[in-house]
Amino acid sequence: SNRFFCNFGGNNLTTNYTTTEAMNSAITQKANEINLEVTQTINSIQTGGKNLIKNGNFEDGLNHWVYERFSGIDSAVFEIFDGREWCMDGKKQCSLSVYDIDDSNRQGEWTVRQSFKTVIGQEYTVSYMIAGHRTYKTVAIRQDGDDWAYLGSKDYPDIYGGKNANDWVYDSITFTATTSGTMILFIIREVTSETNGYMWFTDVCCVEGNK
């Protein structure tokens, strides 16, 4: 459950005041300060709780994730990175790499995805960190069913990545579930130059609510 923390430091209301009016003014000022701190704390709280994504930090290898090719780009490698040159310090991350690219096959769709249970009409927020070189990337939320209807998506160009978390993009997508199952997809759509391209992501999370 959410916990509210208030700082009750500052003026001591047991101070001896010269008039009742001065004491009342001090009490009112302190009450306003407390209300402001509580409001700021409430606004900063992230709703949710349990992460609906399994193995979103890839500590359990590639379990619970699947990848597949829908079109285009022929060759790909799906693996876990840990401690390599383009890895964030202290993190494991999923890597999708595509190879043997030329001008005839730069566009396509290689996807890493996971399905999870949702409640129809409930609002959810997914969050993640993403990077990757020489690729146009999409993170998409879709219905887990026959039509795979889109519930939300965001597109990304080159993102440097590497050891420093500041060189990654942290982002989120809020959506309302329309089926009892939903999926998150990380997609390489195009390799922009050279003969290979990369997408890396980690810390994938989905919780109830809109923060």
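The values are calculated or read from the model by the stated rules, or taken from the named source; none is laboratory data. These figures come from a predicted structure and were not determined experimentally. Positions of Cβ are backbone-derived with ideal geometry, glycine not excepted, and every protein chain shown enters the neighbour counts. Ligands, DNA and RNA are stripped out before the accessible areas are found, and what is left, the full protein with its side chains, is counted by its heavy atoms. Shrake-Rupley method; radii C 1.70, N 1.55, O 1.52, S 1.80 Å.
Annotations
- Residue match in the range 91-107 (condition: closer than 20 Å to N210 by Cβ, open to solvent by less than 30 Å² (accessible area, probe 1.4 Å) and out of contact with any His (no Cβ under 7 Å at 6 or more places or on another chain)): no
- Any hit, the range 14-29, residues being in contact with a strand residue (DSSP E or B) (Cβ under 9 Å, 6 or more places away or on another chain) and either open to solvent by 80 Å² or more (accessible area, probe 1.4 Å) or at pLDDT below 70 (or both): no
- Flag: Y124 does not match the condition of being open to solvent by 10 Å² or more (accessible area, probe 1.4 Å), part of a strand (DSSP E or B) and touching a residue at least 40 places away in the same chain (Cβ under 8 Å).
- Residue that is modelled with the lowest pLDDT [pool: residues in the range 68-90 that are open to solvent by 30 Å² or more (accessible area, probe 1.4 Å) and in a loop (DSSP other than H, G, I, E, B)]: D74
- Among the residues examined, D144 does not qualify as in contact with a strand residue (DSSP E or B) (Cβ under 6 Å, 6 or more places away or on another chain), open to solvent by 60 Å² or more (accessible area, probe 1.4 Å) and under 20 Å from A165 (Cα atoms).
- Residue check: N210 meets all listed conditions (1) closer than 23 Å to H64 by Cα; (2) under 13 Å from the mean Cα position of the chain (by Cα); (3) open to solvent by 10 Å² or more (accessible area, probe 1.4 Å) but one, namely (1).
- Tallying residues that are surrounded by 19 or more Cβ atoms within 10 Å (Cβ to Cβ) and more than 12 Å from Y124 (Cβ to Cβ) within the range 170-182 yields 0.
- K117 at pLDDT below 95, open to solvent by 10 Å² or more (accessible area, probe 1.4 Å) and within 18 Å of the chain's Cα centre (by Cα): no
- Test: I130 is in contact with a Lys or Arg (Cβ under 8 Å, 6 or more places away or on another chain), part of a strand (DSSP E or B) and among the β-branched types (V, I, T): yes
- Residue satisfying condition, being over 18 Å from the mean Cα position of the chain (by Cα) and farther than 23 Å from G61 by Cα, within set N166, N196: N196
- Only listed residue being touching a Phe, Trp or Tyr at 6+ places or on another chain (Cβ under 7 Å) and farther than 24 Å from G83 by Cα, chosen from I159, I184, I141: I141
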